[in-house]
Amino acid sequence: GDVYKRQVSTQSTGKIVYSLPTLNEMADKFNLDKGLGDLDKYLLDESYIQGYQPSSADLDVFNKIKDQPDNKFRNVARWYKHIKSYSDAERATWKSAGGSEPEPAAQEEEEVDLFGDDTEDDKKEREALAAQRASQPPPKKGPIAKSSIIFDVKPLAKETNLQEMEEKVRAIVMEGLEWKASKLVDVAFGIQKLQISCNVIDDLVSTDELEEKITDIEDYVQSVDIIAFNKI
């Protein structure tokens, strides 16, 4: 069929795209107005025949156009003048638009098996390294961050048994939590509250979670406050 009808129209842009074989076949008629007209349409939105830099495709088409195209084909004329500005030596170095020219099969590099069997030397080296690591002392850990906290625990009512309330508080168990001294402090009108201290490992104990656990002793505890918080 007519090579000028072998086109692909993209739906998104409406642009006409020629395949390289079609362009090469068109090039046989580039010295006719019809061929140059089709090429001119193609180069309206393209700088080169293929890709974004001069390639062997440009050289193939350039060699088939005998003379500088007429200025009525201004896109072809611009492209032709640009390609002609390169020397023969420069044009001879152009690769295909897809990258480097493929190497001949005879020059293919020998494949290297990266996952091949270990040699005896490899095994000895690995065993020596394992023995060296085993003989080294474990790395020293840094100091463990700890904090000292004093809680103010207010009873639910004047009649609340503070001794039982303290026992409920001390019954809270968390990894990294160690309960310390406590005392009863007068508030007013014969009412007392519990002050109790503890040490915690910072990475293991959340103070918010601990405070919530104390508050959850609803039959004994009205409220909980932290009155002292110090790093150890």
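Starting from the Cα of residue 209, step 7 Å toward the Cβ, then list every residue of the stretch 128-167 with an amide N under 18 Å from that point.
145-149
Please work out the FRET efficiency for the pair residue 174 and residue 222, using the Cβ-Cβ distance as r and a Förster radius of 25 Å; give the result to the nearest 0.05.
0.65
Placing unit charges on C-beta atoms (Lys and Arg positive, Asp and Glu negative, everything else neutral), compute the dipole magnitude of the stretch 115-232 about its Cα centre in debye, rounded to 20.
Around 700 debye, computed over the stretch 115-232.
For residue 152, what is the net charge nearby, where nearby means another residue's Cβ is under 10 Å from its Cβ and Lys, Arg count +1, Asp, Glu -1?
Residues close to residue 152 contribute a combined charge of +1.
Listed highest first by mean packing, meaning other Cβ atoms within 10 Å per residue, what order do 186-195, 126-135, 48-57 come in?
Top to bottom by mean Cβ count within 10 Å: 48-57, 186-195, 126-135.
Given a 1.4 angstrom probe, I'd like the percentage of the accessible area of the stretch 126-216 that is carbon and sulfur, rounded to a whole number.
On the stretch 126-216, the fraction of accessible area on carbon and sulfur atoms equals 51 percent.
What is the calculated FRET efficiency for residue 148 to residue 123, with r their C-beta to C-beta distance and R₀ = 41 Å, to the nearest 0.05?
0.15
Averaged per residue, what accessible area in Å² does the stretch 48-99 show with a 1.4 Å probe, protein chains only?
Roughly 62 Å² per residue, with all protein chains present.
The values are calculated or read from the model by the stated rules, or taken from the named source; none is laboratory data. Since we're looking at a predicted model, the values are computed, not measured. Here Cβ is always computed from backbone atoms with ideal geometry, including for glycine, and neighbour counts include all displayed protein chains. For accessibility, only protein heavy atoms count, side chains too; no ligands or nucleic acids. Shrake-Rupley method; radii C 1.70, N 1.55, O 1.52, S 1.80 Å.
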